[in-house]
Amino acid sequence: RKVSYALILLTGLIFLIILALTIAWATFDDEDYRRLAVRSVEAFTGYAMAIDGAFSLDLSTRPILLAEGIRLEARDGDPPPSLSKIGKFYVQLDLPQLIFGHLVVPELQAEDVVLAIAVNDPADAEDTDEGPLLAGDVDLPVFESVRLRNIQLDVTDVANARTIPVRIQWFDMDDVRNTGPIFVSGEGTVGGEEFSIDGRMGALADMLKEEPPFAVDYNLTIGGMRFSVAGTFEDFLDAEGADLRVTGAAAETADLFGLLAIETPPLGRLQFEAAIKGDLSAPRIPFVNLSLSGDPKIQLSVEGALANALTGEGAAIDFAGSCTLPEILAMIQSEDLTGLHLLRLSGRLREADGELSVEELMVEAVSEEGAAVNAAGRIGLG
């Protein structure tokens with residue numbers, strides 16, 4: 001949601017600036033535009049902005065803005081901006097498309113960008129007002145061509161006090177002059193692990209004409225892991241009518257946690273497969289299969305379905321697993337059961353009448369001395 005808001009805010013801010021500049025296009029030169037742009041950004045965002053490099057504005061039905069050496073700084077006492085630096089920024093907008101409610105960006109280029117965002121912030125839980133950013137009939141921005149170079153993004157998990165560095169060395173997206181599919185490719189690192197992405201989407205013309213289905217096919221490789229998403233949308237701009245298949249595999253699951261700066265012992269091979277249908281605002285999962293295997297010290301299997309993956313509505317998931325890893329068992333030991341050596345469990349996660357519960361739960365815990373604790377029952381999760 002934060003990324004979507006950032007895209008809407010960025011493109012909307014650019015549009016407002018260009019609209020203001022259009023009023024004075026007959027009398028202003030590029031230096032006048034530069035000063036007006038700086039003042040407009042400061043007025044709308046509250047941050048001080050400087051443009052140290054070149055600046056030009058070409059006003060037409062497809063206005064073009066070019067700026068280099070952009071810096072944003074907080075005023076005294078204010079928190080720092082999420083976006084603090086852009087080495088080069090080039091954007092072109094298709095103003096006539098706004099008549100049809102489409103915010104179309106024919107070309108976007110950005111280089112040497114420094115970003116920092118915070119997620120999982122307890123303070124955000126108190127502010128559920130999404131504000132006016134999602135109001136109106138304008139869709140999310142549609143990009144025909146994107147070229148990103150040297151993007152530095154630091155994602156801070158506030159609740160867990162850790163920061164994950166994301167570096168995009170290069171990223172390209174091109175729709176082949178609005179006549180064919182949109183190709184996507186890029187490379188970078190997440191938490192120091194190299195990643196690459198490649199894929200394609202349906203033609204931009206089909207997206208704007210709202211002629212379903214709209215195809216998507218992405219592949220992401222990071223470290224020893226590979227993920228893929230393939231399928232179609234009935235309405236891609238509003239993320240509605242999804243019919244997707246998601247698959248993934250990791251040779252070592254601990255590498256996946258390592259990307260999130262979470263240290264774990266070796267956990268074995270992870271494989272999963274799931275289907276996603278309906279609207280992404282309330283996605284339905286007709287089936288999901290997940291298995292953790294390869295290391296005899298820990299085994300896990302999960303399968304089932306959800307009517308709404310975001311709320312847990314209609315959950316019907318069976319699970320079973322066993323663990324003899326000391327590092328994990330040490331986390332669940334109690335005064336009554338020390339030296340835990342083996343843990344087995346199985347059960348069914350169910351949602352009924354708004355209550356999520358674990359049914360038919362079976363637990364077996366064995367200590368090194370041979371003491372065993374067996375339990376069965378039901379746990380209500382609220």
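Each reported figure results from applying straightforward, stated rules to the coordinates on display, with no laboratory input. Everything numeric in this text was worked out from a predicted model, so none of it was measured. For neighbour counting, all protein chains shown are included, and Cβ atoms are generated from backbone atoms with ideal geometry for every residue, glycine included.
Things to note:
- Under 5 Å between amide hydrogens, built in the peptide plane, is the criterion, and for G53 it picks out E68, G69 among residues at least 5 positions away or on other chains.
- Simple label model, 7 Å out from Cα along Cβ direction - I164 to E31, nm: 4.7
- Local net charge near G46, Cβ-Cβ under 14 Å (Lys/Arg +1, Asp/Glu -1): -2
- Environment charge of L108, counting only residues whose C-beta is closer than 10 Å and scoring Lys/Arg +1, Asp/Glu -1: -1
- Whole-Hz Karplus values for the range 307-320 come out as 6, 8, 5, 7, 10, x, 4, x, 5, 8, 10, 9, 9, 7 Hz, taken residue by residue from phi with 6.51 cos²θ - 1.76 cosθ + 1.60 and θ = phi - 60°; glycine and proline positions read x.
- Karplus-based coupling profile of the range 164-173, in residue order and whole Hz: 10, x, 10, 10, 9, 5, 7, 8, 10, 9, with θ = phi - 60° in 6.51 cos²θ - 1.76 cosθ + 1.60 and x standing for Gly or Pro.
- What the phi angles of the range 141-149 give under the Karplus curve with 6.51, -1.76 and 1.60, with θ = phi - 60°, is a coupling list of x, 10, 9, 7, 9, 10, 9, 10, 9 Hz, glycine and proline written as x.
- Residues with amide H under 5 Å from that of D295, placed H, sequence gap 5 or more: R269
- Anisotropy class of the range 37-130 from Cα gyration tensor, a/c 1.5 cut: oblate
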